[in-house]
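Report on the following structure.
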Amino acid sequence: MTRTSRIQGLRDLSFAARREAVARSAELDLDRLAAFDPAHGLGLDLANQMIENVVGILGVPLGVATNVVVNGREILVPMATEEASVVAAASNAAKIARARGGFTTSSSSPLMQAQVQILGVPDPEAGRVRLLEARDELVDLANAQDPRLVELDGGVRDVAVRLVPTRTGVHVVAHLQVDVRDAMGANAVNTMAEAVAARAGEIAGGRTLMRILTNKADLRLTRARAVFPAEALGGAQVVADVVHAAALAEADPYRAATHNKGILNGVSAVVLATGNDTRAVEAGAHSHAVAPDGRYTSLSRFEQDADGDLVGTLELPMPVGLVGGATTVHPTARAAVELLGPRSASELAEIVVAVGLAQNLGALRALATEGIQRGHMSLHARNVASTVGATADEVPHVVARLVADGRVRADHAEQILADLRAQG
Ligand code: MEV
């Protein structure tokens, strides 16, 4: 069988059969996905090495989004999320995009930046230029901290210096721009910033204070683009209405926050599943959503193309890595990366952004048509049914009644369950 992300009826299978189907479709040995079973996932001993004062392990559902094609490659996408409908919506939107070849993506070089804050420089303009004159010295000093990265063709690419007026005076802020290759890069750039800080302060003629990366990773950008055929979306009116919906998100920060949250539903689920830093990615995304005029706006754009279809684009900073951190240590994250099979951190970043775009389209299409509650309700009903103690056999009956009655509430679920049990 050739590799495919199109698996029909995945949701109707048992857990074991789902894993088998996913492994088969990804052309992977089933053993490689063993850690998807909680029994082989993160144990307490490993958890205890990851953070402090460990008292337990919090489980989060891990689903697989189907139908995703990125740059012609079929990809089954692991998504860790507590929110119902997210995996289904991403899979549905990816299915619509498939008809036009799926998602096309691109990335900048994986450049992260660290900031060195220098205070009390009497002549900040000249201080800035002195630092730029010393570029080569600072680059060498920083690169000496990470010979392995330099060997891999990474390392410092440039030094930039900004003058930032603050309420405590003008701060001279030197930026190290570092190609971090397949790492997320926080450790690499923080180490470099600490190493050059004293010398940078000396050169600028001030006192160095903070040395830390910036999560506004605007030199590490990833883009995704997809065409969603009008016919598959439900017609020309749906295309027009999705464009109207997206236009409000561009213009109105109140809507933009929700629109971007919908994008992050997909983004963070893949980032978490692969053991990457969701907060770094989310901070980067929100900082990227600030337009040059200071307005908070939407991260994606939707237009009607010349054929009348919907074309969506999304650009995000995407500081994710394949080496280091939980991605290397957490067994389930490692299995998730195996399933995705990215050849570089940039490729992982591109899959993440493609899923963000799919998620966004899924939400907008629902909002521009029937609304999201109907889809949400049956999934929510499953949660409610489980909460009141329905067994796996009873859940479908309870859900069907809750939805049919239009009252998805715990008290009603209890009543339905009691009736069902009374009927034997
Ligand atoms: C819910 O988690 C996400 C949505 O609110 C996103 C959106 O409104 O675009 C549905």
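What to note about this one:
- Cα centroid separation - the range 158-217 against the range 26-87, whole Å: 35 Å
- Ordered by the number of other Cβ atoms lying within 10 Å of each residue's own Cβ, fewest first, Val384, Val178 fall into the sequence Val384, Val178.
- Sites Thr166 and Glu82 - FRET efficiency at Förster radius 35 Å, r taken between beta-carbons, to 0.05: 0.35
- Note on the chain: GNM, Cα springs under 10 Å; of Val77, Val395, Val323, the largest mean-square fluctuation is that of Val395.
- Cα-based helix-to-principal-axis angle, 15-25 vs the chain, degrees rounded to 10: 60 degrees
- Among beta bridges that DSSP assigns inside the chain, antiparallel share in %, nearest 5: 95 percent
- Pairwise FRET efficiency - Ala422 versus Glu303, Cβ, R0 = 60 Å, nearest 0.05: 0.60
- Cα gyration tensor shape of the chain, rounded if a/c is under 1.5, else prolate or oblate by comparing a/b with b/c: prolate
- Calculated FRET efficiency for the pair Ala257/Glu52, C-beta based, R₀ 45 Å, to 0.05: 0.85
- Least to most buried among Arg32, Arg365 (fewest other Cβ within 10 Å first): Arg32, Arg365
- Rounded to the nearest whole Hz, the Karplus-based 3J(HN,Hα) values (6.51 cos²θ - 1.76 cosθ + 1.60, θ = phi - 60°) of the range 119-128 follow the sequence 9, x, 7, x, 10, x, 4, 5, x, 4, with x at glycine and proline.
- Judged by the gyration tensor of its Cα atoms, with axes a ≥ b ≥ c, the range 193-330 is prolate; a/c meets the 1.5 cut and a/b is the larger of a/b and b/c.
- Euclidean distance of C-alpha centroids, the range 263-298 and the range 96-143, integer Å: 19 Å
- Karplus-derived HN-Hα couplings along the range 335-341 (A = 6.51, B = -1.76, C = 1.60, θ = phi - 60°), whole Hz, x at Gly and Pro: 5, 4, 5, 4, 5, 6, x
- Here the relative contact order of the range 374-422, from alpha carbon pairs under 8 Å that lie six or more residues apart, stands at 40 percent.
- Ranked Leu30, Leu138, criterion: other C-beta atoms within 10 Å, fewest first: Leu30, Leu138
- Highest-MSF residue in the chain out of Val54, Val159, Val64 [GNM, Cα springs under 10 Å]: Val54
- Of Leu348, Leu219, Leu13, the residue with the greatest mean-square motion in the GNM of the chain, using alpha carbon springs below 10 Å, is Leu13.
- With each label modelled as a point 7 angstrom along the Cα→C-beta vector, the Asn190-Thr369 pair spans 4.5 nm.
Coordinate-derived values only; no laboratory data. As the structure is a prediction and not an experimental result, all values here were calculated from the model. Counting neighbours? That spans all protein chains shown, and the Cβs are built from the backbone with ideal geometry, glycine included.
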